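What follows is a single structure, written as C-alpha cells, with notes after it.
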Amino acid sequence: MSVLTKKISEARANNQPLFSTLEITQSCNLRCKHCYNFDRRGEESQLPQKFMKTSFAKDTLSQLAELGALSLNITGGEPLLHPDLIEIVTFAKKNNFHIRVKTNGLLLTLGLAKSLFKAGVREIDISLYGTNEEEYLDFCGKGGFEKTIAAIKNAMIENLKVNVSLILHRKNYKKLGQMIKICDELGVFYNVSDEITDRHDKTETKSTLGLSEQNYTELLNGPHAYFFSHENPEKNLFCGCAKTVIGINVHGHVFPCIGAPIFCGDLHQESLKKIWHDSKEMNKIRNLTSQDLKDCSNCEVIEHCSRSSGSALLNTGDYTACDPQALTYAKARKINKE
Amino acid sequence: MENYTINELISWRLIDGQILILDSHLNESAHELNEVGSYIFSSISEGKKTSDIRDELIAHYPKGPSLEEDIQSFLNKLKELQLIIPSN
Ligand code: SF4
Ligand code: SF4
C-alpha cells in the first residue's frame, strides 16, 4: 500500500479532511449552459457576495490547516477573477497546502501563470468545452477556445502541473476524439467529465444536456471506451464526503463536499472545527451505511454504477436517492457488457 | 553542519505527530515521517539551524552512540530526495 493510500484510509477512519475545496467566488466570465454554479434567476450583480473577503479566506485556510487539510482546491465561479488570488495563494502556501486551482483558463496569461506558480500553486485544472470558437460561443455564451489553449500552454511553460477536464454533454460528445487529439498534441494530461447536474437554482439541465443512454452506448463502443466502462464489483457507492473531503462556499457555508451542498454550518457563526466535528448533518452523512441507500440495495445495475452522492442530491434533492444520471450510465454499461 | 530549508515545491501537514509530505513535482511521491523525523522536519521549516536541532534532540533523547549519525543520514536522505535544500 502506498503512503498516500495508507494516509487516505487513516484519514477516512479518523474523519480528517485531507481534501478541501474553497470556493472564492461564484462570479464567472463565461455562462456555460450546463453550469450548476450560479443562480440563473438573477443577474450576477445581484449575487449577495461577489468575492470571498481576503481576510475571511485567510482565516478559513488557517482553520483548514489546523483540521489537517493538506490538499486545497481553489474554485469558483472563475477563481482567477478574484482580485486577491495571489495573496490568498501565498497565505495557503505559507500554511503548507498542496494548492490546485480550477479554472476555465480564459484569464491565464503567461504572467499570471508565473505569479501563481511563484505564490505556491502546483496544479491547475483547466476545463475544455469544445474544439473551436463557435462551440464555445454556443455552449459558454462567448468565445474562449483560443484563450483556453493559450492558457494550457502558459501553465505548462510555467511548470504548473496541468490537467484538462474535457466537459462532455449531449451536444459535444461526438467531438471527444478531437478534444483528446488537442490534448495529445499539447502533451497534457486530461480526464473526461460526463456529470451534468441540475442547477443550484433548481432549473433543470440534465434532461437537455446530460448524455442519454444512447449517447453513452455510442461512447462505450467508441475508441475511448476506457473513460466510460466503469465497473463496481465491490458495490461501493460511498465517497469521501464528510470523511476526507470538505467544501466551503463563497458565503462561508460548510458542506460535506463542494459538490454536495448540504448546509452544515456558517463560518461567520461557528468555528470550522466545531462544524466539522459536531454538525448534525456532517455526522449524519459520515455515518450513512449501504442500508441507507434504499434505492440501491436491490438495484440490478449496481455493479456498473459510478454513483456520486453529490449528483444524486443535486438531481433529486436527496443525497441517498438513486441518481437518474448514474442509472442511465449504469444501464448502458450493463447492456453493453451483455 | 549544513543548514537547510524546505523545498518550496513540496507540501506537507503534521497529522497526529507525524508529517505527511506530498511531492507532486520532483518525484511524484508521498512520504511519511516518524516522530523524530517529523520533529527535525518541522524544526527546519521554522528556520532552526541543524546544529541546534541536533542539540535539542541530544538533550531530549539519552545519547545513544548512533544518534548523531542517524540525524545525519536522515538529513542526507531528505536532501537526496530534494525535500530539503542547503541554505547556507
Ligand atoms: S466556466 Fe465554470 S463556473 Fe464559469 S460558467 Fe462555465 S462551468 Fe460555470
Ligand atoms: S443506478 Fe441508482 S439505484 Fe442503482 S446503484 Fe446506482 S444510484 Fe443506486
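Here are a few things to note about the model shown:
- Where both bridge residues fall in chain A, DSSP classifies roughly 15% of the beta bridges as antiparallel.
- Cα centroid of the stretch A:147-197 to Cα centroid of the stretch B:1-37, whole Å: 31 Å
- The stretch A:155-169 residues near the modelled A:K118 label - backbone nitrogen below 14 Å, point 7 Å along Cα→Cβ: A:158-159
- Accessible area (Å², 1.4 Å probe, nearest 10) - A:F91: 50 Å²
- In chain B, the sites counted are GluC sites (Glu not before Pro) in DSSP loop states with at most 14 other Cβ atoms within 10 Å, and the longest stretch holding none of them, exclusive of the sites, is B:47-88.
- Here's the picture: charge each Lys and Arg Cβ at +1 and each Asp and Glu Cβ at -1 in chain A, and of A:A330, A:G247, A:L18 the one pushed furthest to the positive end of that dipole is A:L18.
- Solvent accessible area, Å² - A:F263, 1.4 Å probe, full protein context: 100 Å²
- Label-to-label distance, nm, for residues given as A:D138 and A:D184 (7 Å Cα→Cβ offset): 2.4 nm
- Solvent-accessible area lost in complex, 20 Å² minimum, residues of the stretch B:27-63 relative to chain alone, 1.4 Å: B:E28, B:A30, B:E32
- Electrostatic dipole magnitude of chain A [Cβ: Lys, Arg +1; Asp, Glu -1; Cα centre; debye, to 20]: 580 debye
- Cα-only radius of gyration and Dmax that characterise chain A, units Å: 19.6, 56
- Heavy-atom accessible area per residue - chain B, 1.4 Å, Å²: 53 Å²
- Accessible-area composition of the protein assembly as shown, carbon plus sulfur, in percent [1.4 Å probe]: 51 percent
- Counting only heavy atoms of the protein chains and using a 1.4 Å probe, B:H25 has close to 40 Å² of accessible surface.
- Here the spin labels are modelled as points 7 Å beyond Cα on the Cα-Cβ line, and at B:V36 and A:S271 they lie 3.4 nm apart.
- Between 0 and 90 degrees, the angle of helix B:35-45 with respect to the longest Cα principal axis of chain B falls at about 70 degrees.
The values are calculated or read from the model by the stated rules, or taken from the named source; none is laboratory data. As the structure is a prediction and not an experimental result, all values here were calculated from the model. Don't worry about glycine lacking a Cβ; one is built from the backbone with ideal geometry, like all the others, and counts go over all protein chains shown. Surface areas here come from the heavy atoms of the whole protein model, side chains and all, with no ligands, DNA or RNA. Shrake-Rupley method; radii C 1.70, N 1.55, O 1.52, S 1.80 Å.
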